[in-house]
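To keep things clear, I will list the structure first and then write my remarks on it.
Read-outs throughout are calculated quantities, based only on the coordinates presented, and are distinct from any laboratory measurement. The shown structure was predicted, so the numbers you read here are calculated from the model rather than taken from an experiment. As a convention, Cβ positions derive from the backbone with ideal geometry for all residues, glycine included, and neighbour counts pool all protein chains shown.
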Amino acid sequence: MGAALDLILFSILIIAVFTAAIGMSKGRSFLGWLILGAVFPILGLIAVAAMPNLKGQIRAGDAKKCPSCAETVRREAAVCRHCGHTFDRAAEQETARIETRNLRYAALIGIAVIVVSAYFMR
Ligand SMILES: [Zn+2]
C-alpha cells in the first residue's frame, strides 16, 4: 500500500517537473508550472504543451521585446520606435546566454529532485 502511494507521488513529481521545464522553455514561470503540474498532473502537462511559446513567437516573428518599454520591435532595430531605447547587441547576446544557462540549471535541479526522490522512496 505504502509503495503504491510512493509510486503515485513519484510519478506526479516527475510530471510536475516536466510541466515546469516545458513552461520555462516557453518563457513562463518555472515555479508556477511546477505547482500547477503537481496539483493537476495530467491537465497541467496538456495545458503547458498547448500553450503558445512566448519566446518562439518573438524569435519566429523576427521581432524582439524592448527591455525599456516592453513593446515588440523588429529584430534588426538599433533604436526602439516606441520609446527610443538604444539596443545593445552585446547585452542582448548576454541575456540569451543567461537564459540558456538558467534553463540548464532548471533541468539539472529537476533531475536532482527526481534522483533524490527516487533514492528516498525506495
Ligand atoms: Zn522601447
Within the set ALA107, ALA77, ALA47, GNM on the chain using Cα springs under 10 Å gives the largest fluctuation to ALA77
Ordered by number, the GluC sites (Glu not before Pro) in the stretch 16-94 that occupy a DSSP loop and have at most 14 other Cβ atoms within 10 Å are GLU71, GLU76
Ordered by fewest other Cβ atoms within 10 Å, a rough proxy for footprinting exposure, TYR119, TYR105 read TYR119, TYR105
Which of PHE18, PHE40, PHE87 fluctuates most in a GNM of the chain (C-alpha springs under 10 Å)? That residue is PHE87
At 20 °C in a medium of viscosity 1.002 mPa s, the chain has a Stokes-Einstein diffusion coefficient, with Rh taken as the Kirkwood radius over alpha carbon pairs, in µm² per second, of 130
